[in-house]
Structure formats: C-alpha cells, structure tokens
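The values are calculated or read from the model by the stated rules, or taken from the named source; none is laboratory data. None of the values given here were measured: they were computed from a predicted structure. Cβ coordinates were reconstructed from backbone atoms using ideal geometry, including for glycine residues, and neighbour counts include every protein chain displayed. Surface areas here come from the heavy atoms of the whole protein model, side chains and all, with no ligands, DNA or RNA. Shrake-Rupley method; radii C 1.70, N 1.55, O 1.52, S 1.80 Å.
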Amino acid sequence: MFRLAAGQVGEIASISGDPSQVHRLHELGMYQGIKVTMVRSGTPCVIRLAGHKLCFRQNDGLEIQVNPLAGG
Amino acid sequence: MSSGEQTLVPSQTITIALLGNPNTGKSTLFNALADVRQHVGNYPGVTVEKKIGHVVLDGQRFALVDLPGTYSLAPRSPDEMVTVDVLLGRQTDVAAPDVILCVVDASKLERNLYLVSQAIELGVPTLVVLNKMDLAAEHGIELDIALLQKRLGVPVIPLQADRRIGLESLKQELSQVDGQTMPASDIPFPDAFREEVTRLQNDLQDASSEIEPTATVPRYLVERLLLDQAGYVEQAGLPGVTEAVLEQVGEARARLATAGFPVPAVEAKARYQWVSQVLDGAIVSQFTDRITLTDRLDHVLMHRVWGTAIFVAVMVVVFQSIFAWALPVMDLIEEGIGWLSESVSAVMAEGALRSLLADGVLAGVGSVLVFLPQILILFFFIALLEECGYMARAAYLMDRLMYRVGLSGKSFIPLLSSFACAVPGIMSTRVIEDRRDRLVTILVAPLMTCSARLPVYTLLIAAFIPDRRWLGGWLGLQGITMLAMYLLGMVTAVLAAWLFKRTLLRGQTPALIMELPHYRLPSLGTVVRRVCENGWAFISGAGTLILVVAILVWAAAYFPHPPELASQVRAGYAEQLAALEQRERGLQQQDDLSEDQRQAATDQLLEERAELRGEISAAVAAAYMEQSFLARAGHFIEPVVRPLGWDWRIGCAVIASFPAREVVVGTLGVIYHLGEGEDETSESLRETLRSATWPGTGRKVFNVPVALSLMVFYALCAQCAATLAIMRRETNGWGWPLFTFVYMTLLAYIGAFLTYQGGILLFGGSPVG
Ligand SMILES: Nc1nc2c(ncn2[C@@H]2O[C@H](COP(=O)(O)OP(=O)(O)O)[C@@H](O)[C@H]2O)c(=O)[nH]1
Ligand SMILES: [Mg+2]
C-alpha cells in the first residue's frame, strides 16, 4: 500500500493489478525504480514525478508498493 | 491498405497524421497549419471525430489528420484502436499516412518520448515537434536540439504552436519530406522478447494464410498482442488471431516471465531505458523541485476544505451566469419565433401549409434554438475550466463523493452540467476514459433536473400547491415541492448509476488516473473555437431530429382537419354573435347619449367582441385538436394513464411533448380550450386547469395528487429528442438512446403511479379508472 505521508519521497518497488491501469501508469511515467514525491496522501492521492503531477486512486484494481527514501 | 480512390484525399497529396499525448497542442497546431478544415463525422463504429485539414506548401498538397490524444499506441478501446489503425493504414477511409508528425510537450519530454518510441517502430517517416517551448523555458529546461535530432534519427522542430512561433521552419521541414527517410529505431527490448515476437509473427502468418493468404499482421501489432493482456488486439479479430495463437501468446508470456522479463513491465523498462539514453546530455539544464505557481495554487485549490469551498463557489457563479445571461436571450428567441410565426400567419392564406410553417417548422426550430444560449454558455464554462487546468482539480475534489456511487470524479462536471441541460452534459463525458463509466454517466445524465422541466413545474406548482409559508415566509410549501422535484431527479440518478454499475455495465471499480496539468491563462481563441465546434455539433446532431419529430407531432395534432368543423363550431356561437351585433345596432340608433357615453359603450362592445372572437378561435382550435390523430392517440392510451390520475387530454399533451418537455405547457393550453400562446405564468391557464372537469361530470380533472403525479412523470421521463439525438451521436447508435427512453419512461410511469395512488391515500379524493 501507499505508505508515504505528504511530502515524503519514495521509490516505486512494484505496480500490479488491472493490466490496463498498470499500463496507463507506465505510460504516464510511473514505473518500477522511479522516484516519486507524495503531494497529497489519501484517496485519491496526488504525487509528483519527473516534473509533473499525477492524481490516482488506489483501489481493488491497483496495488503499488513503494520504498520510502530517507529525507525529502 | 486503403487505395487512393476510396480515400477522402487525392493520391498525389501527402498525408500527415498528428500524433501526441492529450493536451500537447495537436489541435492548436492543426488549426495553425491547415488552410481548409473538414469535419467529416466520426470514424465508423466509434466516437472518434475525424478531422482532416488541407494545406499547400511549395506547390505540394498536404492533408493533415488530427488524431485523438493518446498516451501510447497500446490500444485498449475501440477509440484508441482507431489511432493505431489510421497510423498503420488499416482504416479504410483515410489514406495511410506518409508522415507521422509527433507532437511532444517539451516540458514533459521524458514521458512524451514514450509515445515517440512506439511511433518510430511503425516504420513510417516521422517528424518530432517539440511544442510548448515557452513552458519548457519556464521550467528552466534547456535542450540540445541537434543532439536530440541525431539520437532520434528524425527531424526535430522546436515550436510554440499557440503563438505560431516556429511554424515556418516546420513548414519548411514538411515541404522537404520525401517519404523515404525512416527513423532509426532500436528500442532496447531484450533479445528474448524479440525472438518471441518473431516466433509469434510466424505463427500468425501460418494461421492467417489458410484463410486469407495476402493478409499480413504488422510486426507492431504482434508486439502489442504479446504485451497487452486482454488488450484490444486480442479481441479485435485480426486475421490469424485464433484460439491456438492466443494459447501461444500465453505460453510466450510465461516464458518471458521466467526469463525475468514479465509482461507488461518489460515494455516500460525498455522504452524508458531508450528515453533516458536519448535524453542523456540532450537536456542541458533543468530546474528540479522548484515550487511553481501551480504548486502554490494547488495548495489552496486542492485543499479538502478550502478547495471544496472554492469549487462550490465557482459552480454557483457558473450556474448563476447561465440563468442570468441565458434567460433574456431565450426570451428574445421565443419572441422572435413568435413574431415570425405571426408574420407567417398574417401573410399566408389559412390552410395546412400555413399551419405547418407556423406551428410545425417554426415551433420545431424554436425548440432547438431556445436552449442554444444555455448550451453555449455551458460549453463556454466547460471549455474555460478545462483550458485553464481546473477541470482535473474538480475531478480530484469530487472523486470521493462520486466513488460511492460507483463512478469517478470525472463524471461530476457532466452530471452537474445536466442541471442546466443534458446535451452539453452528455457531450462533456468524452473526458471519461473508461467506456462503462462514460456510458453510465450518459445514461443517468437526463435524470438531472434540466431547465426544460422548470416551466412544467412552475405551472403545476403555482396552480395546485397551496401557498403555505412558515418561518416568516422563508419556508414555503411551493418551494419545498420544487426542491423535492430536484432531489427526486438526483436521488434517482444516483440509484440508477449504482444499479447500472452492478448489472448492465458491471466492471472494475472505476479507475482514476489522470495528469494534473499546469494552470495557465486560457486562450480566448481556443475557448471560442471549442464553443463553436460543440454548438455546431449540437445543431447538426440534434437539429434535424427535433425538426422531424416536431413536424410529425404537428401533423398528428393537425390532421385529418375536416374543413367543415370550423364552421360548425362557429355556428354554435352564431346566437351570441348575433346578440352582440343587435346591441351594436341598438347603440347606433340610440341618440339620447352624450359623446362620452357613446364612446364608453362602443369600447365596451368592442371589448366583448374581441373576447368572443378569442373564445371562438380557442374553441375551433380545441375542436380540431379533439378530432386530431393526436387526440385519438390520447383516447387510446387513456386506460394506461388513468391509474396515474390523468384524463385523455393530459395523455395527449404528454405524447405531444415528446420532442421537448416544455411543449406540454402549450399543448395543455390548447386542449383545455384556450388559445395558443399560453405560457406557464399565465393566470388564465392556471384557472383553466383548475376548473377542468371530467367529461359529463362535475369532478375536477386536476387535484394535488394528479399535479404531483404529472410533475413526477416529467422529473423522470426522457421526453427530449435533443438528448436522445446527442446520445445517439455520442454512443454511435440508437441502442443506448432507445434503452434510456424505455428505462426512464418506465421509471416515470411507476413514479407517477405511486405518487398518485399514494396521494389519494393521503389526501383523500376518489381514484379514477
Ligand atoms: N504554453 C503553451 N501552450 C500551448 C502551446 N500550444 C498549445 N498550447 C495550449 O495547450 C492546450 C492544449 O492544446 P490542444 O491543441 O487542445 O491539445 P491537443 O489535446 O493535443 O489537441 C491548449 O490550452 C493550448 O492553448 C504552446 O506552444 N505553448
Ligand atoms: Mg485535440
């Protein structure tokens, strides 16, 4: 689950679930190994990655694992 | 492949397809480049609009094809498949593109190059346009264009489409394309993956050659078949995609997974690896982690409390303006149409043709035009909110609420717009990517209380709901009834959406994945262009149908029209008329009157005469109405509507208002012996309705339960040809509009039945039928 608090930085460990949602996240630049910053936690959440912001909702169809990074 | 004759474009022209992520500026570029624009409807079977533009550069003709924005060439819906089909030349009515013009947002290069990496695999000459260079500069991004060009192996042109900066060099580059230079594509897919693709392609070739020896499946689609689980290519019925081949696909995926290249992650990995190779050193500098204006705005605008409050305020302003600006214009249009139809009546001889023009065609045109101001204003606000980047924030804020219903935040604005008019609401559902979510939103949008219901409510509430007030006049029974009607529509919509999501359009919980664009000042030109495009789409999409239906209803209400009926009715008034004339003559013979007295008496007589004339023409109109096919239909359905407390005349009015709900007011006026031209506020219409009785008895037709049942019916029914026509346009077929009509009419009937029967139990009064 998304354990990052607002302002925290993490690295995507894995994205799994509904193939079309996983695919869409890939296309939007969110894939394994990328660093993301949580902007607004909760559902839906807002994250920043590589200069742009994404908003998405985690639900039964989508599971994202992140490793929180120190600092940020 | 499509051949020259079949296409919309002569074969010596060079066809250029505009490809890019949503919002990168494709349409802006399309409009800046094309001299002649053609809007050629939809691609067959889907709701993707086909836009083709023409331009001549250096004597060479070019045709531009504006494709819908897409994040990738991995089709997941029929709509996205259109983009891929056009690019591969598999779409029969558009020529295979000779050049792909890839429009890229320079401020989001990394993500945009993902699509570029797919495009250059198609084996079509490609140009890359780096658009929004101004935004990139704002973000401190500095690019080495020459290096990028070398790495990509295709021309790269920096541009600022909305200010037309760089357009000349793009034109220059375009006039030099020879259709020969292929992009150098070497996406670092692992060898294991390439081998699997080759193997699959051979399998497909074998399988398809048995059926269609000439058919080949492009390598790109084979890749997609392997990569996209349950993707569109699997279901699209390509030649050779058989059960056996699909089994092979499954095995290939399993082999790849054990080799450490699981599908679909292998694609993202390979493509982003390529992207970072391309960009390495090409991005000279870039600000990182800078707090932008957008961030500061989002801090407030996306705040749970402040953001929501601002959102509500924005919506109040929007709705306030719709009613404040649209109403005067609507009145003007109504007056204009009224004046026109009076002029027609004045210059033409009485007869079917005059009635057709005045009551059929003009009334039909009027019912299209009268809602246009509202619709355009709504389109304006929707375009404005989208252009400045606020729409995505609204979807974020409303997502929690909509999620409970089983929809995503993106459905909120379309549903809210439907409170003014369902037409723009339905047209704005295009932003909803998920097909099922979009359909559910379209299906329930007409349940929202649109402004066409207001005349009906206003009339019936004023006539039959007692004006009781409490709390010093702040809380009134009439107001509460109006509110109850709004709530009824809303609650029913929520329940219907919930039900559809669980039965008919069952699917995963609705996904919400969206980009939050940067805020920007909207360009007036773009907003105006979108308003015009949407307005025209409404007129052309719904106009004809409304007109046809209006004429049909007119014909039903006019024919058979026996000519002797009028004189028969007039004969019935002969005595009264004679008496009046008698008095006139008497007045002339009286000579003991002063001038003033004579004048007063004459005026009095003239007034009586005018009144009598009005009564006679109303009686004639009503007599014709009573013998019309429409009335027969009303009598025919009377047994069906009796349990709702209605008589045949209400039944008639309901049938006549099929093209548009508000027509019921006028029809009730005619049928209950009133001249035409009554509106919902007219005192006499209210009086007439109050005093109407069942034929042959003194029992009143209307009472509170009847009025309520009629209102509930109009709250829930789908009596709006425009909505149904737009639904057909947006869902590409009559199936869904038909379904909507049936389900809403059923709901309306049941609702009206329960209201009436419940009302009888509560308020007393004798049920009929
Ligand atoms: N800053 C900036 N904005 C642009 C530029 N070109 C287009 N836009 C804006 O980008 C938005 C999306 O443009 P549009 O043509 O509708 O994109 P499409 O979705 O790819 O068709 C619009 O608000 C345009 O005004 C540009 O060069 N710079
Ligand atoms: Mg566009």
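Structure data summary
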| item | result |
| --- | --- |
| Selection status of A:Gln58, among the polar types (S, T, N, Q) and either part of a strand (DSSP E or B) or facing another protein chain (nearest Cβ under 8 Å) (or both) | no |
| Exclusive hit being within 14 Å of chain A (Cβ to nearest Cβ) and either in contact with a helix residue (DSSP H, G or I) (Cβ under 8 Å, 6 or more places away or on another chain) or farther than 26 Å from A:Arg48 by Cα (or both), set B:Ala496, B:Ala511 | B:Ala511 |
| Selected residue [of a type in the set (A, V, I, L, M) and touching a residue at least 60 places away in the same chain (Cβ under 8 Å)] from B:Leu443, B:Leu401 | B:Leu443 |
| Search result, residues across the range B:55-107 that are of a type in the set (A, V, I, L, M), free of Cβ contacts under 8 Å to residues at least 60 places away in the same chain and within 16 Å of ligand 2 (Cβ to nearest atom) | B:Leu64, B:Val65, B:Leu67, B:Val82 |
| Odd one out for B:Leu115 among (1) over 35 Å from the mean Cα position of the chain (by Cα); (2) under 29 Å from A:Tyr31 (Cβ atoms) | (1) |
| Yes/no for B:Arg111 being within 16 Å of ligand 1 (Cβ to nearest atom) and in contact with a His (Cβ under 8 Å, 6 or more places away or on another chain) | yes |
| Among (1) open to solvent by 40 Å² or more (accessible area, probe 1.4 Å); (2) within 14 Å of chain A (Cβ to nearest Cβ); (3) not small (Gly, Ala, Ser), the one test that B:Ile141 misses | (1) |
| Within the range B:521-535, tally of residues that are assigned to a helix (DSSP H, G or I) and away from ligand 2 (no atom under 16 Å from the Cβ) | 2 |
| Qualifying positions in the range B:624-642 - surrounded by 18 or more Cβ atoms within 10 Å (Cβ to Cβ) and within 14 Å of B:Ala555 (Cα to Cα) | B:Tyr624, B:Met625, B:Glu626, B:Ser628, B:Leu630, B:Ala631 |
| Any chance B:Ser343 is modelled with pLDDT under 80 and among the hydroxyl-bearing types (Ser, Thr, Tyr) | no |
| Per-region count, the range A:31-42, residues part of a loop (DSSP other than H, G, I, E, B) and either of a type in the set (Asp, Glu) or facing chain B (nearest Cβ under 7 Å) (or both) | 2 |
| Pairs with Cβ under 6 Å, 6+ apart, first in the range A:6-30 and more than 18 Å from B:Lys108 (Cα to Cα), second assigned to a helix (DSSP H, G or I) | A:Ile15/A:Val22; A:Ile15/A:Leu25 |
| In the range B:249-277, residue nearest to the other protein chains (Cβ to nearest Cβ) [restricted to those that are more than 25 Å from B:Thr83 (Cβ to Cβ) and buried (at least 19 other Cβ atoms within 10 Å of the Cβ)] | B:Phe261 |
| Where a residue in the range B:108-134 is under 12 Å from B:Trp274 (Cα atoms) and its partner, wherever it lies, is of a type in the set (Phe, Trp, Tyr) and within 16 Å of ligand 2 (Cβ to nearest atom), with Cβ under 7 Å and at least six apart | B:Leu115/B:Tyr71 |
| Of all residues in the range B:299-317 being in a loop (DSSP other than H, G, I, E, B) and open to solvent by 50 Å² or more (accessible area, probe 1.4 Å), the one that is farthest from the other protein chains (Cβ to nearest Cβ) | B:Val305 |
| Residue in the range B:196-216 that is open to solvent by 10 Å² or more (accessible area, probe 1.4 Å), at pLDDT below 90, under 38 Å from the mean Cα position of the chain (by Cα) and not aliphatic (A, V, I, L, M) present | no |
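Condition check ((1) within 11 Å of chain A (Cβ to nearest Cβ); (2) at pLDDT 85 or above) across all residues:
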site	(1), (2)
B:Val284	no, no
B:Asp289	yes, no
B:Leu297	no, yes
B:Gln320	no, no
